[in-house]
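> Let me begin by handing over the structure; questions about it come next.
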Amino acid sequence: MHIGILQTGEAPESLRAGGDYPDFFIRLLADQGFSFTNWRVLDGASPPAVTAADGWLITGSRFGAYEDHAFIAPLEQFIRDGFAARVPVAGICFGHQIMAQALGGRVEKFAGGWAVGPTDYTFEDETITLNAWHQDQVTTPPPGARTIGHNPHCAHAALAYDAADGQPLGWSIQPHPEFDDAFTGALIDTRGRGLVPDPLLDAASARLGQPLHRTRIATRIADFFRAATRPPQQRKARHG
């Protein structure tokens, strides 16, 4: 299965020894049998068609989905075109937000402030812990989206989108399954100080090293792509 990565942001230059955001996702999904092509949509690169890959994955970004950047409107249209063509789309952090905004939801800079570092979420019937790095969040999901993950700070931390016949069309999550503790700790030190309140950064640093559920979410992302491309008789009615 061929996954197109839509790169909407970059890791800080000083932290790219281990690669950039697309590399993080390729490593996260390395054992799922996928192949990958990256398009730097933040620089205006665009896939030739929504059918150029079997599914699409939208990365995180330092940009706000509601900001005026040249790549935002074309990306929103690409998401809508993907849904119309029934090519599955997944999004992480900014990807989660831009999907919701493109489909009629609302994204805002959250008045409750930042979520940083290892963070617990209720994800359907279990608690998962992933590294977070955001102040923006989806405050109103688009029509037809199901909230499948949340916590007291982030009411719509994961969303699923299905067609009327049950075909999965979209899956997105606010925290970062692709961020390990080493990268998150480095972000705290290089990008966080002066941007995020120090008490939040200190609390996040203190939680680094606890078990994360990155592999579990990687499996869910892969399961979404596979379920979305199965023949109708093989699909589950709903996919979280």
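> Kindly indicate which of Leu200, Leu187 is over 23 Å from Thr229 (Cα atoms), among the aliphatic types (A, V, I, L, M) and surrounded by fewer than 21 Cβ atoms within 10 Å (Cβ to Cβ).
Leu200
> Among the residues of segment 121-134, which ones are at pLDDT 95 or above and crowded, with 16+ Cβ neighbours inside 10 Å?
Taking segment 121-134 first, the residues at pLDDT 95 or above are 121-122, 127-134.
Answer for segment 121-134, where residues must be at pLDDT 95 or above and crowded, with 16+ Cβ neighbours inside 10 Å: Tyr121, Ile128, Thr129, Leu130, Asn131, Ala132, Trp133, His134.
> Any chance segment 131-139 includes a residue that's over 16 Å from the mean Cα position of the chain (by Cα) and acidic (Asp, Glu)? Walk me through it before giving the result.
Just the residues of segment 131-139 that are over 16 Å from the mean Cα position of the chain (by Cα), to begin with: none.
So far as segment 131-139 goes, no, none of its residues is over 16 Å from the mean Cα position of the chain (by Cα) and acidic (Asp, Glu).
> From the list Gln101, Gln77, which residue is buried (at least 16 other Cβ atoms within 10 Å of the Cβ) and under 26 Å from Ser46 (Cα atoms)?
On the way: Gln77 fails: buried (at least 16 other Cβ atoms within 10 Å of the Cβ).
The unique qualifying residue is Gln101.
> Applying the selection to segment 1-12, what residues are over 16 Å from the mean Cα position of the chain (by Cα) and free of Cβ contacts under 8 Å to residues at least 60 places away in the same chain?
Our first condition is that a residue be over 16 Å from the mean Cα position of the chain (by Cα); within segment 1-12, this holds for 1-2, 12.
Selection gives His2 alone.
> While we're on this one: Can Ala65 be described as out of contact with any Pro (no Cβ under 8 Å at 6 or more places or on another chain), among the small types (Gly, Ala, Ser) and crowded, with 21+ Cβ neighbours inside 10 Å?
yes
Here's the yes/no breakdown for (1) of a type in the set (S, T, N, Q); (2) under 15 Å from Glu178 (Cβ atoms); (3) touching a Gly at 6+ places or on another chain (Cβ under 9 Å); (4) surrounded by 21 or more Cβ atoms within 10 Å (Cβ to Cβ):
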| site | (1), (2), (3), (4) |
| --- | --- |
| Ile3 | no, yes, yes, yes |
| Gln7 | yes, yes, no, yes |
| Leu28 | no, yes, no, yes |
| Phe34 | no, yes, yes, no |
| Asp43 | no, no, no, no |
| Gly82 | no, no, yes, yes |
| Val89 | no, no, yes, yes |
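> Related question: Kindly evaluate Gln135 against the criterion of being out of contact with any Ser or Thr (no Cβ under 6 Å at 6 or more places or on another chain), under 17 Å from Ile221 (Cβ atoms) and among the polar types (S, T, N, Q).
Working: out of contact with any Ser or Thr (no Cβ under 6 Å at 6 or more places or on another chain): yes; under 17 Å from Ile221 (Cβ atoms): no; among the polar types (S, T, N, Q): yes.
Answer is no for this residue.
The values are calculated or read from the model by the stated rules, or taken from the named source; none is laboratory data. Please read these numbers as outputs of a predicted model, since none were measured by experiment. No Cβ is skipped: glycine too gets one built from the backbone with ideal geometry, and neighbour counts run over all protein chains shown.
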